[in-house]
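The values are calculated or read from the model by the stated rules, or taken from the named source; none is laboratory data. None of these values were measured; they are calculated from a predicted model. As a convention, Cβ positions derive from the backbone with ideal geometry for all residues, glycine included, and neighbour counts pool all protein chains shown.
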Amino acid sequence: MAARQDPMIPLPYRIETVQRETGDTFTLTLVPAAGDQIGPFAAGQFNMLYIFGVGEVPISISGDPSESGKLVHTIRAVGSVTRAMQRLKAGQVIGVRGPFGSSWPLEQAQGNDVVVIAGGIGLAPLRPVLYTLVKYRERFGKVILLYGSRTPEDILFRRELEKWRQRFDMEVSITVDRATGRWRGNVGVVTKLIPRAPFDPYSCIAMVCGPEIMMYYSVLSLKDQGVPTECIYISMERNMKCAIGFCGHCQYGPYFICKEGPVFRYDQVESLLNKREI
Amino acid sequence: MENLEKILAQHPFFKGMPPEHVAYLAGCAANARYNPGDFIFRNGQPANQFFLIRYGTISLEIFVPGKGAVMIETVQEGNVMGWSWLVPPYRWHFDARALELTRAIVMDGECLRKKCAEDPRLGFELMSRIARLIEERLRATQLQLIDIYGKD
């Protein structure tokens, strides 16, 4: 069925599965409920998910871009809409608009080392990147994933991380902010992993997603290693409402994050980051 | 001693330090090996050592009654550990436990203090490097404290 054109009209999608990831995070797999479906997405883009009568929220797509038909969204229950989403069951129907926004620079990354740095739920918008890197592994140099989480219990996508970790052509390092005695991995902030990661700073693309403060310090550390700012990409998050650059809710300096973002080349937003007034 | 000097010069902590300073400090160094589970030091014990990790992983832990050992940081190859030998009353404020087979260069704190007092240029060089580490650790602790991945 052809993709519908009006970006403001949600299409009905049925929940195929609900997967619990951590105590407050879950993944919905959605399939078109009435035949019509949204267009293909690129890694890093988001959809607006709508629970009828409750509200609409922007959620990054966390599934594989090469799998058509199904939409996968990993959601953290933090507000009234996402908490209501947490209570949804397979078979129920929600509205979907999208896909919206800019995407991670996967084409540009070809031939280079790729450093993926994620913090907390920030791994979800980067999972489509990882699927693509694994699928077309021979097109890229070294592939490095550095992931920071609050505690071992908060680590997302454990099975996939373990699978990727076992690959000989991929370096996966995970750290947590705090742990008790049973944890055998790294403890400390994710930025600590950067100086030890074996990538070529002069021939790499870094993709960073997580809380703004984590991205800020990660970029500082990447720059310390010699990575030029034009090779660093971050994903910004703001209060996105219309998702097509009309309403202005997500304005960030000269940009609308829903339209020019959420993925920005770092030098585009460097002067805006960490500004109290913005 | 020549071997230790070479190992010290190759460790990231001493990168770029004048060779004569490294050679002078090598007199305070010794090799050490820890098996998984070994406590390298414990909270409250006298702190008279500075560790340069060559291989392995060490967990820095604080024991919280009712909660058990809470890991606050792991240190690995290329990292250094411990600066309580610098500040009176020279006591450790946490436990350090090897998580796997770990090899390190252990430097005697009293010996380092003496050499720094004898050669203020060396002392300034060493303290500058340690101050950088303290600043990095403080920044990391701030990030951990603000709970960046929390809901608020």
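Is there a residue being under 20 Å from the mean Cα position of the chain (by Cα), in a loop (DSSP other than H, G, I, E, B), facing chain B (nearest Cβ under 9 Å) and aliphatic (A, V, I, L, M) anywhere in region A:165-176? No, the conditions are met nowhere in region A:165-176.
No other residue among A:G69, A:G98, A:G91 is buried (at least 16 other Cβ atoms within 10 Å of the Cβ), at positive phi and more than 14 Å from every other protein chain (Cβ to nearest Cβ) apart from A:G98.
Residue-level check: of (1) buried (at least 22 other Cβ atoms within 10 Å of the Cβ); (2) farther than 21 Å from A:E107 by Cα; (3) within 14 Å of another protein chain (Cβ to nearest Cβ); (4) in contact (Cβ under 8 Å) with a residue 60 or more places away in the chain, A:P211 misses just (1). Among the residues making up region A:254-267, those that are over 19 Å from the mean Cα position of the chain (by Cα) and either surrounded by 14 or more Cβ atoms within 10 Å (Cβ to Cβ) or under 14 Å from A:M215 (Cα atoms) (or both) are A:Y255, A:D267. May I ask you to verify whether A:V115 is among the aliphatic types (A, V, I, L, M) and in the same structural domain as A:V187 (by TED's automatic domain parsing)? Taking the combined requirement at face value, the residue satisfies it.
The set of residues in region B:130-152 being small (G, A, S) and surrounded by 13 or more Cβ atoms within 10 Å (Cβ to Cβ) consists of B:A140 alone. Does A:L222 satisfy the criteria of being within 12 Å of chain B (Cβ to nearest Cβ) and part of a helix (DSSP H, G or I)? Taking the combined requirement at face value, the residue does not satisfy it.
All conditions in (1) more than 14 Å from chain B (Cβ to nearest Cβ); (2) surrounded by 14 or more Cβ atoms within 10 Å (Cβ to Cβ); (3) closer than 25 Å to A:D6 by Cβ hold for A:I75, with the sole exception of (1). Within region B:62-87, restricting attention to residues that are over 21 Å from A:A197 (Cβ atoms) and touching a helix residue (DSSP H, G or I) at 6+ places or on another chain (Cβ under 6 Å), the residue that is farthest from the other protein chains (Cβ to nearest Cβ) is B:W85.
Which members of region A:177-187 meet the condition of being surrounded by fewer than 16 Cβ atoms within 10 Å (Cβ to Cβ) and part of a strand (DSSP E or B)? Listed by number, the list holds a single entry, A:T180.
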